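Q: Here it is, the structure, as structure tokens.
The values are calculated or read from the model by the stated rules, or taken from the named source; none is laboratory data. Just so you know, these numbers come straight off a predicted model, no measurement behind them. For neighbour counting, all protein chains shown are included, and Cβ atoms are generated from backbone atoms with ideal geometry for every residue, glycine included.
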Amino acid sequence: MAYSSRKVKIKTEMSERGERTRRLHFQMVRFMFEAATKLRLPSVPLATAVTIYHRFFRDYDITDFDTHMIATTAIYLAGKSEEQELRLTDVINVCHRILHPSEPPLDIGSTYTALRESVIQCELFLLRALGFQVSIDHPHKSLYDWLDKDTVRKVSIAQTAWAMLRDSYHSDICLNYRPSLIAVAIIYLTLQCYGIEVPYNDEAENRWWEAFIENCKLRDVKKVAEDIMNVYDMETTAFTADI
């Protein structure tokens, strides 16, 4: 009995730790979104930054690193990877301002110099940790190509689809599924939200999702859709529960 109780306790502690980690990652991604908005970073470079962040922490323990430094560096590195001009000074100042809103803007002094050196060193570390693989495919192109233009004009599904795609990056969905499957799941969820049914889908030889991805299974689409919906459940606790 003692062994059984101990085993249950360990499982509970691991589950709670995993939940705290997911909430912290959610908060870090929200931090990156805010920084990207202030830096006027487009959606694809932002998606690259967040994917870099998630990829790093898939292999490394979150308690061993400064998550804000990793997130800040991921933004700067993504700007380079996506050929989006970002000045390191701007990235540092924006991220520091978000973290310390009551403090005055950074001067070119010891604090700024230390942060600049930290980001530069962290960038090299991230590159090595990721095997210098920072070129990333995203669902954005597939989603843009597949959204039916006639339907988009009638219903605001495009805006909803893009919002869902953006929100999905709060978790590591981008690492778990291929981009095209995520795009199909986004369209599936959006159609469900608006109660739209694809005409003659049940009678067709190939369902609409199979037209986008050969041999695509509805169960796989639904699994991705479920993971996306779980992101919205996480939002309700990410900023209220203790980390």
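Q: Return the residue satisfying two criteria in turn: it lies in region 93-136 and is more than 21 Å from Phe57 (Cα to Cα) and of a type in the set (Val, Ile, Thr), and of such residues it is modelled with the lowest pLDDT.
A: Per the criteria, the residue is Ile108.
Q: To continue, here is another question. Using the structure shown, decide if Leu39 is within 25 Å of Glu117 (Cβ to Cβ), at pLDDT below 95 and not β-branched (Val, Ile, Thr).
A: no
Q: Still on this structure, I have one more. Every residue in region 52-76 that is surrounded by fewer than 23 Cβ atoms within 10 Å (Cβ to Cβ) and farther than 13 Å from Cys95 by Cβ, please.
A: His54, Arg55, Phe56, Phe57, Arg58, Asp59, Tyr60, Asp61, Ile62, Thr63, Asp64, Phe65, listed by residue number.
Q: Search region 172-187 for residues that are free of Cβ contacts under 8 Å to residues at least 60 places away in the same chain and under 10 Å from His138 (Cβ atoms) and pair each with any residue that is part of a helix (DSSP H, G or I) and of a type in the set (Phe, Trp, Tyr) when their beta-carbon atoms are under 7 Å apart and the residues are at least 6 apart or on different chains.
A: Hits for this filter: Ala183/Trp146.
Q: OK, next. Evaluate region 151-171: report whether one residue or more is surrounded by 15 or more Cβ atoms within 10 Å (Cβ to Cβ), part of a loop (DSSP other than H, G, I, E, B), out of contact with any Asp or Glu (no Cβ under 9 Å at 6 or more places or on another chain) and modelled with pLDDT of 80 or more.
A: Within region 151-171 (the criterion being surrounded by 15 or more Cβ atoms within 10 Å (Cβ to Cβ), part of a loop (DSSP other than H, G, I, E, B), out of contact with any Asp or Glu (no Cβ under 9 Å at 6 or more places or on another chain) and modelled with pLDDT of 80 or more), the answer is yes, since at least one residue qualifies.
Q: Filter region 137-150 for residues that are outside any helix (DSSP H, G or I) and at pLDDT below 85; which is farthest from Thr190 (Cα to Cα)?
A: For region 137-150, the residue satisfying everything is Asp148.
Q: Then there's this: Here is a check on your reading of the model: is Glu235 assigned to a helix (DSSP H, G or I), within 28 Å of Ala49 (Cα to Cα), modelled with pLDDT of 90 or more and within 25 Å of the chain's Cα centre (by Cα)? Walk me through it before giving the result.
A: Values: assigned to a helix (DSSP H, G or I): yes; within 28 Å of Ala49 (Cα to Cα): yes; modelled with pLDDT of 90 or more: no; within 25 Å of the chain's Cα centre (by Cα): yes.
No: the conditions fail for Glu235.
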